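Structure first, then comments.
The values are calculated or read from the model by the stated rules, or taken from the named source; none is laboratory data. If you're wondering where the values come from, they're calculated on a predicted model, not measured in any experiment. Cβ atoms come from the backbone with ideal geometry, glycine included; neighbour counts cover every protein chain shown. The area values use the complete protein model at the heavy-atom level, side chains included, leaving out ligands, DNA and RNA. Shrake-Rupley method; radii C 1.70, N 1.55, O 1.52, S 1.80 Å.
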Amino acid sequence: MERPVDEFRSSTARWLLGSFAGWGTLLTCLVGIGFVLIGVRWLKNRAASYEVTDQRLIVKRGILFKTIDEIELYRIKDVRLGYSLLNQMVDIGTIVLTSSDRTTMGGEFVLRDVPMARDRREGLRKLVDRARSRRGVREMDVDHEDAYLD
């Protein structure tokens, strides 16, 4: 039985105060353009929600046309966190997942402007470890250059 662990959205308010792009947008509010930029960013953040269960990360996107992507936690290879000095002060960050899941197509899956990103990254990492243990999955990296050497 799958149980919900966490659900969140990207934070527009923390993005405004915690990034240079946010501060630049606030400055452009003086000429009116900033309000449009804030509105667009708010809509993008409202259109995406993330749900973490003990087995999957579920990403729901869209306002008029919705898509739902799921990444099995045991398929996540790496959970990376990026943040600037301003991001740290308002506790937001960008979580980047590398996975073998078809959703990521061998690339990276990015969650931007995540509130409490450090705590969520650590929680996600622990859930990935548990999901792998439960399924008996081990990661094995194969270096393609070494595969051709005798």
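Before moving on, here are some points about what is shown:
- The range 1-71 shape via C-alpha gyration tensor axes, a/c threshold 1.5: prolate
- Solvent-accessible area, 1.4 Å probe, carbon plus sulfur percent, for the chain: 56 percent
- Amide H contacts under 5 Å for K77, placed H, 5+ residues apart: T98, S99, S100
- Distance between the 7 Å Cα→Cβ label points at D6 and K126: 1.0 nm.
- Environment charge at V52 (Cβ cut-off 9 Å; Lys +1, Arg +1, Asp -1, Glu -1): -2
- Here the Karplus relation 6.51 cos²θ - 1.76 cosθ + 1.60, evaluated at θ = phi - 60°, turns the backbone of the range 58-66 into coupling constants of 10, 10, 10, 10, x, 10, 8, 10, 9 Hz, with x for every Gly and Pro.
- Most positive-pole-ward Cα, N87, T12, L73, against dipole of the chain from beta carbon charges: T12
- Which labelled figure in [x] 57; [y] 63; [z] 67 is percent of Cα pairs over 18 Å apart, once derived from the coordinates: [y]
- For R56, nonlocal amide neighbours, meaning residues 5 or more places apart or on other chains whose placed amide H falls under 5 Å from its own, are L73.
- A Förster radius of 35 Å combined with the Cβ-Cβ distance from V96 to V31 puts the calculated FRET efficiency at roughly 0.55.
- Backbone HN-Hα couplings from phi across the range 35-51 [Karplus 6.51/-1.76/1.60, Hz, Gly and Pro as x]: 5, 5, 4, 5, x, 5, 5, 4, 4, 4, 5, 5, 7, 10, 9, 10, 10
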